[in-house]
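Notes for the one structure printed next.
No lab work stands behind these numbers, since they all come straight from the coordinates. Since the model is a prediction, treat every value here as computed from it, not as a measurement. Every residue, glycine among them, receives a Cβ derived from its backbone with ideal geometry; neighbour counts consider all protein chains shown.
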Amino acid sequence: MIHRLSILLRPEALHIPDGFLSAPVSIVGWILAVIIIGYALRQTREHLGERQIPVLGVLAAFIFAAQAINFPVAGGTSGHMLGGALAAIVLGPWSAVLVMTAVIGLQALLFQDGGLLVMGWNIVNMGVLTILTGSLVYRFLNGRLGRSRTSLIIGGAVGAWLSVEIAALATAVELAASGTTPLNIGLTAMLGVHALIGIGEAIISVGALLLIHSTRPDLLEMGETAPGQSSARWIGAGLALAVIVAVFSFAASGSPDGLERVAEDQAFIDTALDPVYNIFPDYTLPFIGNETISGILAVVLGTMIVFGLLYLFGRVLRRRTAG
Amino acid sequence: MHIHLVDQYQAGSSIIHRRDPRIKVGLTLLFILTASLLPFGAFGAYAVLFATVMAVAVVSGVGVSYVLKRSFIALPFALAAITLPFTIPGETLLTVPVFGGIIITIEGTIRFASILIKSWISVQMAILMVAVTPFPDMLWGLRALYIPQPLISIISFMYRYLFVLSDEVLRLLRARASRSAAVPGKRSGGTILWRGKVAGRMAGSLMLRSFERSERIYNAMASRGYQGKFRSFARPSLNSTDYLFLMLGIMFFGSILVVSFT
């Protein structure tokens, strides 16, 4: 009964079923999810040790159960909570990632709430993006506004609301990249509906945070000092940067650059050889259905690959000079 | 009052039930992948896959009606694709005489129908997989697909306590309901903000209780020798029927894909 209850009340539009995302898009989601889960497992093992499984397991059960706690809003609809932001604030980012992954995995496996092939993106949307957004926004606002009860409320509310919106944004982008929903319609619908759902998330999350703050503030302290805050900040900043770069790439001109223009004018452009091997031909990802998103994603992935390579290179260099 | 969060497993001893969980999970994933890779409009291939689902439902004894009834769960999400008949360019199917004539295209309708059918048959196979595989076996099957052991353990622990915590939520909701008297005709229930905060405090108190419960559980485990890893008995290896199913499955899905792309 409780599951039927929670099915009706959950923001169903975020649990993507199989068939709505194309296979290549799904695989990208899985790659991201696998990398992030692997990192989260390492971080939490160091921090929690033997407690890792019992604590995270029970808290995952809590999140699942808490998603059924609702409050009537109007005319039969209810507000309720996804739980990513709350988990991130109280547990720290990487524990929260594992907790939400377990919840999403179980919902898909046992209740077919969310597909199996598309679970990678469901995990990234509801388990990673909500957590990074909730955690970073809360810490930023709470820190800037003085760490009082008021700043807790503001940070928690804004963090929770934004976490739902970001997850909705990502879902709309994935649907558009798969050719299922046009980007403009998807964005409007997703962001619009979840702006309301996010209010429910914000109110419940803040209510929970206030109770924890007044009875066990040490738990909130533990959440603040959980490991991986800096890596969460880096990853969040990296993702935000990638998004900004991508959005600005929109403004990039389609006209040929200097050399290409001269080659065209002097008619020697045909002597150019084709590359042996195309990764992102013409700054696009050929398997993505939507041209705009294809271009944006190519820029984002390209930026991340360059960043990743530079980072690895830097680490190798540091080890060489240190050793 | 006990929660009716039921395990979806339907006990049986059919040839499907007796397969190794790795085969059941692996073939389900291959099935869903095949459905996903099929081009739009390959209705013949979709029918073949649907027939496969029905055959498995019958052979395993789970029953066609059980699968069909539960398969409509993803229906609300169909709204995501509902604009396709209107936005995908192509030959006009019909024109709706509102707002100056909205065109519905054939290509758009085919794509819309394809997405819905693919999603529907994928869900059905997932329902069957859960119906013929007990949950612990399913987790073990996932382990064999290289999902990390700590994550599997967390999920299995979560499953163990799901029912306990869901019962607590039911008690919380019942307690709230029994304190929520309303006089007919008079407004009651406070403001939305107040109701939301009450719900929030319910969630918060449940979180605290879960934390403290997890501490007690860990202490109980540690005092019984827990050192961070679960140990389990060795599992049987794949037998010849399992390999047969695997090979037939791969050939079957492969040929469907090859045929539909030619």
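Here is how the numbers come out for the structure above:
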| quantity | calculated |
| --- | --- |
| Helix-only mean residue ellipticity at 222 nm for the protein assembly as shown, each DSSP H run of n ≥ 4 adding -39500 (n - 2.57), per residue, nearest 500 | -22500 deg cm²/dmol |
| Most fluctuating residue given options B:SER14, B:SER166, B:SER214, as computed from a GNM of chain B linking Cα atoms under 10 Å | B:SER214 |
| Inter-probe distance in nm under a simple model that places probes 7 Å from Cα toward Cβ, at B:LEU248 and A:VAL34 | 3.0 nm |
| Whether the protein assembly as shown is rounded, prolate or oblate, judged on the alpha carbon gyration tensor where a/c under 1.5 counts as rounded | rounded |
| Span from the the range B:23-59 Cα centroid across to the the range A:53-80 one, whole angstrom | 34 Å |
| Pairwise FRET efficiency - A:MET222 versus B:VAL48, Cβ, R0 = 41 Å, nearest 0.05 | 0.15 |
| Global geometry of chain B, whether rounded, prolate or oblate, following the gyration tensor of its Cα atoms and the 1.5 cut on a/c | oblate |
| Paramagnetic reach from B:GLU91 (point 7 Å along Cα→Cβ, amide N under 20 Å) across the range B:108-152 | B:108-115 |
| Label zone at B:ILE147, where the point sits 7 Å out along the Cα-to-Cβ direction: the range A:21-39 residues whose backbone N lies under 13 Å | A:34 |
| Partners for B:LYS69 among lysines (Cα-Cα distance below 26 Å; same-chain residues under 8 apart left out) | B:LYS24, B:LYS118 |
| Gyration tensor (alpha-carbon) shape descriptor, the range A:125-178, a/c threshold 1.5 | prolate |
| Choice from B:ARG143, B:ARG22, B:ARG174 with maximal GNM fluctuation in chain B (Cα, 10 Å cutoff) | B:ARG174 |
| Distance from the range A:89-118 to the range B:155-210 (C-alpha centre basis), Å | 22 Å |
| Label-to-label distance, nm, for residues given as A:ARG147 and A:LEU183 (7 Å Cα→Cβ offset) | 4.2 nm |
| Förster-model FRET efficiency, 35 Å R0, B:ASN239 and B:LYS69, C-beta, rounded to 0.05 | 0.60 |
| Where chymotrypsin sites (Phe, Trp or Tyr not before Pro) fall in DSSP loop in the range B:137-196, at most 16 other Cβ within 10 Å | B:TYR146 |
| Highest-fluctuation residue, B:PRO136, B:PRO39, B:PRO236 considered, GNM on chain B with Cα pairs under 10 Å | B:PRO236 |
| FRET efficiency estimate (nearest 0.05) - Cβ-Cβ, A:ARG261 to A:LEU196, R0 51 angstrom | 0.50 |
| Long-range HN-HN contacts of A:ILE16 with modeled amide H, under 5 Å | A:GLY115 |
| Chain B: DSSP helices with Cα axial extent of at least 18 Å and average Kyte-Doolittle hydropathy no lower than 0.5 | B:21-37, B:43-60, B:106-132, B:149-178, B:240-260 |
| Cα point-scatterer Debye curve for the range A:2-226, base-10 log of I(q)/I(0) at q = 0.08, 0.11 Å⁻¹ | -0.26, -0.51 |
